[in-house]
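Scroll down for the structure; my scribbles are underneath it.
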Amino acid sequence: MKVSEILQVKGNILYTVTPDQPLADAVSTMADKDIGSLVVMEFGDLVGMLTFREVLKSLKENDGSVGSGTVRKHMDDHPITVTPDTEINEVRRMMLEKHARYLPVMDAKTLLGVISFYDVARAVLDAQSFENRMLKAYIRDWPAETAD
């Protein structure tokens, strides 16, 4: 299974923010949309990711307040990316090794979407469930042996 298959199922809603927006506005968007990440775009290019991890770090630095800083100050400015052709097992390995819960999907310099740890887990579970159903159907239809 490839990343492109996950994106097809997931849909194409993508939430972005600019690096110069106040962090508080980005946090409001994340809360209102019930999402764990925002893609940071500047002049049409991916320049970073803002996830709940960076928000939590900001809360710690500001004694429980988001503070008055911008997204640029808190974003991950070197996010790991994948392509539509990346195999799901490679995505799982990358997410686990880098502790990344959200990965932007890029086709050259074009942002196609973001896949989350949840998206990957759901895709793997769906694939395994399908395989299980096929195996059970195969076993149920196993021809009876005839005595010679």
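In table form, for the structure just shown:
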read-out	value
Mean ellipticity per residue at 222 nm, deg cm²/dmol - from DSSP H runs of n ≥ 4 across the chain, formula -39500 (n - 2.57)	-14000 deg cm²/dmol
Protection proxy ranking of 23-34, 54-65 - average other beta-carbon atoms within 10 Å, highest first	23-34, 54-65
Mean separation of Cα contacts under 8 Å (6+ apart) over length of the chain, as relative contact order %	24 percent
Amide H contacts under 5 Å for GLY48, placed H, 5+ residues apart	VAL40
Identified option (computed Rg/Rh (Cα atoms, Kirkwood Rh); candidates (1) 0.97; (2) 1.03; (3) 1.18)	(3)
Other-chain or far-sequence residues with amide H under 5 Å of ILE115's (modelled H)	LEU103, VAL105
Protein accessible area in the range 1-145, 1.4 Å probe - carbon and sulfur %	53 percent
Stretch gain in nm, segment ASP45-SER4, where the contour uses 0.36 nm per residue and the Cα spacing is subtracted	12.7 nm
Residue-normalised accessible area of the chain, given per residue in Å² at a 1.4 Å probe	66 Å²
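The values are calculated or read from the model by the stated rules, or taken from the named source; none is laboratory data. Everything numeric here is computed off the predicted structure, so don't read it as measured data. Glycine also receives a Cβ, built like all others from the backbone with ideal geometry; neighbour counts cover every protein chain displayed. The area values use the complete protein model at the heavy-atom level, side chains included, leaving out ligands, DNA and RNA. Shrake-Rupley method; radii C 1.70, N 1.55, O 1.52, S 1.80 Å.
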